[in-house]
Amino acid sequence: MGVTRVNQLGAVMKIGASNNVAYVLTADGKLYESNSYGAGWQRLSGNVANFEPCSSGCVWVTEDGGIGSEFGISLPANWTVQQDGSALPDVEVSAVASDGNNLVVHCADDTLYLVSGGTVAPLDKNGAVSCLYVINDQIVVELEDGSRMVLQDGKLQQAAL
């Protein structure tokens with residue numbers, strides 16, 4: 001099996017995958033996906049700053065702080081839906097992760113929120129957040145000290161992964 005260069009994408013900033021789908025974020029803010037069925041690269045969105053895949057699809061943060069998704073997320077009524085379909089919350093979003101049902105939002109001021117069933121609730125954590133990601137449909141919050149917390153029953157719990 002060889003490696004094939006994909007010239008159509010240009011400079012790549014981030015790569016991710018879940019199930020049979022690969023995702024690529026290019027330097028110019030375009031988010032692409034390609035499944036294992038050989039359909040090639042399809043553009044999901046533009047103006048993307050960050051993304052995180054999960055088994056249900058992909059969620060992303062737009063450059064203007066909106067939240068986009070390939071799948072339906074029940075969002076709070078006070079979030080503004082933008083023309084591109086992304087939702088603009090009333091906080092400054094830096095990262096998101098979803099398990100397909102819940103959405104964890106990491107804000108620029110290092111607060112975390114759980115979005116579930118159309119409601120927003122703050123999440124308690126044990127330190128400054130380094131990053132969010134999903135492993136086996138479980139949302140993981142990695143802290144700057146290297147420890148990890150996972151979302152369980154609507155709360156973050158210490159985890160040994």
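The values are calculated or read from the model by the stated rules, or taken from the named source; none is laboratory data. In this text the structure is predicted, and so the values were computed from the model without any measurement. Here Cβ is always computed from backbone atoms with ideal geometry, including for glycine, and neighbour counts include all displayed protein chains. Heavy atoms of the whole protein, side chains included, go into the accessibility calculation; ligands, DNA and RNA do not. Shrake-Rupley method; radii C 1.70, N 1.55, O 1.52, S 1.80 Å.
The figures follow:
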item	result
Length gained when the stretch Asn35-Ala22 is fully extended (0.36 nm per residue, less Cα-Cα span)	4.1 nm
Net charge over other residues, Cβ less than 15 angstrom from the Cβ of Leu75 (K, R count +1; D, E count -1)	-3
Accessible surface, 1.4 Å probe, highest first, among residues Asp90, Asp137	Asp90, Asp137
Alpha-carbon gyration tensor eigenvalues x 5, square-rooted, for region 106-161, Å	17, 14, 9
Charge dipole magnitude, Cβ of K and R +1, D and E -1 - the chain, Cα centre, debye nearest 20	520 debye
Cross-link partners of Lys14 among aspartates and glutamates (Cα-Cα below 17 Å; sequence separation of 8 or more within a chain)	Asp28, Glu33, Glu52, Glu63
For region 76-146, size of Cβ-based charge dipole, Lys and Arg +1, Asp and Glu -1, in debye	220 debye
Taking the C-alpha atoms of the chain, convex hull volume expressed per residue in Å³	129 Å³
Using distinct alpha-carbon pairs, which all enter the 1/r mean, Kirkwood radius of region 1-79 in Å	13.3 Å
Modelled label reach - Ser55, point 7 Å along Cα→Cβ, region 95-137 residues with backbone N closer than 15 Å	98-102, 134-137
Separation of the Ile15 and Ser130 label points, Cα + 7 Å toward Cβ, nm	2.2 nm
Average Cα contact separation per residue, the chain, under 8 Å, 6 or more apart, as relative contact order %	12 percent
